[in-house]
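Comments concern the structure below.
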Amino acid sequence: MAPLPDTARGVAKALEIRGLTKSFGAFKALGGIDLDVEAGEFVCFLGPSGCGKTTLLRAIAGLDRQDGGRIVQSGRDISLLPVAARDFGIVFQSYALFPNLTASDNIGYGLNRLAKADRRRRVQELVDLIGLADHAHKYPSALSGGQQQRVALARALAPSPGLLLLDEPLSALDAQVRLYLRDQLRDLQTRLGVTTIMVTHDQEEAIAVADRIVVMNGGAIEQVGRPEEIYARPATRFVAEFLGDTNVLDGVVLPEGGVRIGTAALSAGSPGGARAGDRVAFCIRPSDIVLSATGDGLAATVRSVEFRGGHYKVTVHAGALAATLRAEISRAQKEALGLAPGSAVAVSFPAESAVLFLAA
């Protein structure tokens, strides 16, 4: 098990997880998780269903006790503490509001230890903070889904917890409300400075709000980093394919460097340990593919052109690669090239934008 160096030096992190394991029967949900979270960070656990992200969140909360490993919060080992003895607030996808209590009473539910006046003052602060002062007297059934979620968030924040845990809090909302609350949530977290961990399967959501993203797969962490780092330089093929859209082409490392795909030789940095003849996966984002006039790259034929709001998605087939690719271009580029299904175009790939992974 890895040591806890910062705690040992007296500089405790908001959360330190070492060697965390959890199984449900024969299914290994967590396979030895090591993770640090800094004070004031907004961290997203991102991954497909069954990857272990919710299990990890519930272990931090004490709702599902881990089989092995340690959880240390601000220098305090909470690994074996019951839920009530841990310092966190939590918001679930289902809101879990008390239907027989008003919005104000739901928010103040966990503040019974405060004097009546202090409790009323704290509730009013939070009602104002979430912008529901005119709805504080209403019961949950009279509130919209977005309003209910804001009440649930305020209730979690009411005791001023050291850690805020969010379990897919926006997934039950429609698209427009989800976008609005996503921005509100990030703004609120920044203003309060509360250390926050959010579970999500929505890549766009994680990229928009997180200081760092923890990409999980099969009960393990694939990569941890800032959104732009993970997007531009994925550490594994899984991350490249899961986070955003990616073209993946099978190729072979050339003796002189670069990679051969089909009959074409493309420039790209080789992955560590790769040797000539090794099979690799060549990954490049659609936004990094360059489409230009014929003669400026590999010859290709446009298969489809789809309007996507701020850009066009263009599907092309490159004969030399024996592959179909997805590219993204602006409206001006589309009009300049005169792109339409069946038209000819040239395709090229900036070497610095491609990422290679050794084939399994």
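Data for the structure
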quantity: Over segment 245-358, relative contact order from alpha-carbon pairs under 8 Å, at least 6 apart, %; calculated: 33 percent
quantity: Trypsin sites (Lys or Arg not before Pro) within segment 252-324: DSSP coil, no more than 13 neighbouring Cβ in 10 Å; calculated: 275, 308
quantity: Ranked 138, 22, criterion: other C-beta atoms within 10 Å, fewest first; calculated: 138, 22
quantity: Overall form of the chain per C-alpha gyration tensor (a/c, 1.5; a/b vs b/c); calculated: oblate
quantity: The chain, dipole about Cα centre (Lys/Arg Cβ +1, Asp/Glu Cβ -1), debye to the nearest 20; calculated: 820 debye
quantity: Interchain or long-range residues, amide H under 5 Å from residue 258's placed H; calculated: 268, 270
quantity: Spin-label model distance (nm) - residue 81 vs residue 299, 7 Å beyond Cα toward Cβ; calculated: 6.9 nm
quantity: Gain on full stretching of the segment that runs from residue 116 to residue 24 - 0.36 nm per residue minus C-alpha separation; calculated: 28.7 nm
quantity: Pairs of Lys in the chain closer than 28 Å at Cα, counting only those 8 or more apart or on different chains; calculated: 7
quantity: Net lengthening on full extension, residue 236/residue 34 (0.36 nm per residue, minus Cα-Cα); calculated: 70.9 nm
quantity: Loop-located GluC sites (Glu not before Pro) in segment 196-272, at most 12 other Cβ atoms within 10 Å (DSSP); calculated: 256
quantity: Zone of residue 348's modelled label, taken as backbone nitrogen in segment 288-305 under 20 Å from a point 7 Å along Cα→Cβ; calculated: 288-302
quantity: Trypsin sites (Lys or Arg not before Pro) restricted to DSSP loop in segment 57-136 with at most 15 other C-beta within 10 Å; calculated: 65, 113
quantity: Cα centroid of segment 117-150 to Cα centroid of segment 224-242, whole Å; calculated: 38 Å
quantity: Cβ-derived FRET efficiency at R0 56 Å, residue 320 paired with residue 100, nearest 0.05; calculated: 0.25
quantity: Karplus-derived 3J(HN,Hα), 6.51/-1.76/1.60, for each residue of segment 39-54, Hz, glycine and proline x; calculated: 4, x, 6, 10, 10, 10, 8, 10, x, x, 4, x, 7, x, 5, 6
quantity: Stretch gain in nm, segment residue 202-residue 129, where the contour uses 0.36 nm per residue and the Cα spacing is subtracted; calculated: 23.7 nm
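The numbers here are math on the coordinates, done by the rules we state, and not lab data. The model shown is predicted, which means the values in this text are computed figures rather than measured ones. Counting neighbours? That spans all protein chains shown, and the Cβs are built from the backbone with ideal geometry, glycine included.
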